[in-house]
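The values are calculated or read from the model by the stated rules, or taken from the named source; none is laboratory data. Model, not experiment: these values are computed from the prediction. Note that we place each Cβ from the backbone using ideal geometry, even for glycine, and neighbour counts take in every protein chain shown. Heads up: the accessible areas ignore ligands, DNA and RNA and are worked out on the full protein's heavy atoms, side chains in. Shrake-Rupley method; radii C 1.70, N 1.55, O 1.52, S 1.80 Å.
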Amino acid sequence: MDLFTSACTLAPIPIRDGELAFLPQLPLPWPNEVVLARLIEETAWREESVVVYGKRHLQPRLSAWHGEKGYRYSGLSLAPLPFTPLLDTIRRAVEAVTGRRYNSVLLNYYRDGRDSMGMHSDDEPELGSQPAIASLSFGATRPFILRHKHTKETLKLPLTDGSLLFMAGPMQANWMHGINKTAKPVGARLNLTFRNIV
Ligand SMILES: O=C(O)CCC(=O)C(=O)O
Ligand SMILES: [Mn+2]
């Protein structure tokens, strides 16, 4: 394998009952900080509320849903915005590396350490069985927590600026994932999860 190929190839992370792979830097036509600034600036961010155990809460982060189809989770129904040229360029880079197609992307903006995402699996029926989820991060590094649903084994992966994490196979059936709050001073982080709604 030549240097260029290895720099653009997902490296498998061995994991029980799932498929996981990581690329430290997704090749993009712009530096990470330019993509981060443009995405923060150009996205129609929303502070969504969700119903958890019958109570309505504001989500501790901002989000936006772009794609060809709507999406529902936790009693929330997201009407999609179209892919912008910037998002489409990023999508093509993610598709080239992962060898899969995606028709939707969920953007999450963690403004600081108070923003978080609770433990969950991306197992909505519209993602089909064994969904491929490609997760691209920009900005501050936050640990991505993975917890096995039965053995409770826990893994912490630092998702660094420009990195791509790929989850596939029975990952969503067997593992949950999330982003914890932190009291440490951390800057803004953006995460884009590319998905295919069937
Ligand atoms: O911010 C992250 O790394 C996780 C995002 C995530 O799990 C999701 O959007 O479903
Ligand atoms: Mn998720």
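Quick notes
- Farthest positive-ward along the chain dipole, Cα basis, beta-carbon charges - from Ile133, Thr154, Leu87: Thr154
- Neighbour-limited loop hits for trypsin sites (Lys or Arg not before Pro), the stretch 136-197 (at most 10 other Cβ within 10 Å; DSSP other than H, G, I, E, B): Lys152
- Protection proxy ranking, peptides 48-54, 31-37, average beta carbon neighbours within 10 Å, highest first: 31-37, 48-54
- Accessible area in square angstrom per residue, the chain, 1.4 angstrom probe: 50
- Computed from point charges on the beta carbon alone (+1 for Lys and Arg, -1 for Asp and Glu), the dipole magnitude for the chain about its Cα centre is near 600 Debye.
- Lysine-lysine proximity count for the chain, Cα under 30 Å, sequence distance 8 or more or distinct chains: 13
- Its Cα centre serving as origin, the stretch 50-142 has a Cβ charge dipole (Lys and Arg +1, Asp and Glu -1) of approximately 220 debye.
- Lys/Arg +1, Asp/Glu -1 at C-beta; the chain dipole; positive extreme among Met176, Pro24, Val34: Met176
- With every protein chain in place, the chain: carbon and sulfur % of accessible area (1.4 Å): 57
- The helix-based estimate of mean residue ellipticity at 222 nm for the chain, built from -39,500 (n - 2.57) per DSSP H run of four or more residues and divided by its residue count, is -4500 deg cm²/dmol to the nearest 500.
- Shape parameters for the chain, alpha-carbon atoms, Rg then Dmax in Å: 16.0, 54
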